[in-house]
Amino acid sequence: MIRIEQLHKSFDGVAVLKGISLEIGKGEILALIGRSGYGKSVLLKHVAGLMKPNRGRVVLDGHDMNLLRGKELRKLRNRLGFLFQSGALFDSMNIFDNVAFPLKEKTKLREKEIREKVLYELEQVGLIGSENKYPSQISGGMVRRASIARALVEEPEIMLIDEPTTGLDPVTGQTILSLIDSCHQRLRFTGIIVTHEVPRIFEIVDKVAMLQDGVILFQGTPKEIMQCEEPAVKTFIAGSMEWLRDIDGGPEAVVRTATRKPHTM
Ligand SMILES: Nc1ncnc2c1ncn2[C@@H]1O[C@H](COP(=O)(O)OP(=O)(O)OP(=O)(O)O)[C@@H](O)[C@H]1O
Ligand SMILES: [Mg+2]
């Protein structure tokens, strides 16, 4: 469903992506991990068609993004859902109108159908009762949940999610990850999640790719990355799990839970 082939991207002569290749099958979710500033968001923006590569290509469901223009590109973009780093909502619209926005803009659905769909999505993310509030009147976690509802209301086939839990406390972060997992089980979208939530993210993804110095240093299953002997991968995973030392049973206990997939494909 998503094929990235030999993608290269430089900014002002500085190479950020140096030949990235990845494949994600229909219905699969890939976690894209790696240190800050290594180009995870840049890679996601190429998949979204928001950035053009210097070399290489992104192929979505057989369509080469480089070759599409105008109406064709818009048609393909309509099949994508985004959840970007800040989870931005329109400040001047209440939660209901924020979630209804893509349906009003892009579909010919009637008012009543839009209302039903929006309320259904708001119920899925636990925001019924807050639909008349404005983004400034709700918490960061609620803004993130509303953004998820807005991204999912169009039932996208492909979801691109950039750091859905940044800035949230660990418990709220876990709620957001569980929510993404349950939405994925319901809608079966193909997805990429950029995240620093290692190893928690391993519980809800099928594949992991680690980006470093412009290349994919590792790709495989969550279980495989936990057993990977490549020093840079090992160091990154160990560093990500440092904070788990104080938890009952230590990192091993968390990893055991994290790599036990809760659902089968
Ligand atoms: N539009 C742009 N113009 C110039 N440079 C850019 C642009 N977008 C990103 N970069 C550069 O590309 C590099 C990778 O940025 P990117 O935002 O993809 O990192 P990241 O891996 O997502 O980091 P983080 O985990 O902090 O979000 C950075 O050095 C950044 O400054
Ligand atoms: Mg980023």
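The peptide list 104-112, 174-182, put in order of mean Cβ contacts within 10 Å with the highest first, becomes 174-182, 104-112.
What is the sum of charges around Gly214, taking Lys and Arg as +1, Asp and Glu as -1, for the other residues whose C-beta is under 13 Å from the C-beta of Gly214? Kindly include the intermediate steps, with their values, before the conclusion.
On the way: positive: Lys9, Lys18, Arg35, Lys40, Arg55; negative: Asp213.
In short, +4.
With the highest mean first, a sort of the peptides 132-143, 27-38 on other beta-carbon atoms found within 10 angstrom per residue produces 27-38, 132-143. Taking a point 7 Å from the Cα of Lys234 along the Cα-to-Cβ direction, the residues of the stretch 190-226 with backbone N closer than 16 Å to it are 218, 224-226.
Just to verify a number: FRET efficiency for Thr221 and Asp169, C-beta to C-beta distance, R0 = 45 Å, to 0.05? Display every interim value, and only then the final one.
Details: r = 29 Å, r/R0 = 0.64.
About 0.95, to the nearest 0.05.
Of all lysines in the structure, the ones whose alpha carbon falls short of 23 Å from that of Lys117, not counting any fewer than 8 places away in one chain, are Lys75, Lys104, Lys106, Lys108, Lys133.
Were the residues from Lys71 through Arg186 laid out at 0.36 nm apart, the gain over their Cα-Cα distance would be 38.5 nm.
As a proxy for reagent exposure, Arg144, Arg115, Arg69, Arg77 were ordered by neighbouring Cβ count within 10 angstrom, fewest first; the result is Arg69, Arg115, Arg77, Arg144. Here the chain is treated with +1 on each Lys and Arg Cβ and -1 on each Asp and Glu Cβ, and its dipole about the Cα centre works out to around 920 debye.
On average over all directions, what projected area in square nanometres does the chain have, based on the convex hull of its Cα atoms? Mind showing how you got there, number by number?
Details: hull surface 60.0 nm².
So the mean shadow area of the Cα hull is 15.0 nm².
With a Förster radius of 35 Å applied to the C-beta separation of Ser92 and Glu116, the computed FRET efficiency comes to 0.90.
Our note on the geometry: Cα centres of the stretch 132-146 and the stretch 22-42, 27 Å apart.
Suppose the chain between Asp61 and Asp213 were pulled fully straight at 0.36 nm per residue; how much longer would it get relative to their current alpha carbon spacing?
Details: separation 152, 0.36 × 152 = 54.72 nm, distance 2.81 nm.
Value of the extension gain: 51.9 nm.
Of all lysines in the structure, those lying under 27 Å Cα to Cα from Lys234, and not within fewer than 8 positions of it along the same chain, are Lys9, Lys18, Lys40, Lys207, Lys223, Lys261.
Among bridges DSSP assigns within the chain, what percent are antiparallel (round to 5)? Numbers along the way, then the final one.
Numbers: 20 of 37 bridges.
The antiparallel proportion sits near 55 percent.
The numbers here are math on the coordinates, done by the rules we state, and not lab data. Treat the numbers as computed from the prediction; the structure is a model and nothing was measured. Every residue, glycine among them, receives a Cβ derived from its backbone with ideal geometry; neighbour counts consider all protein chains shown.
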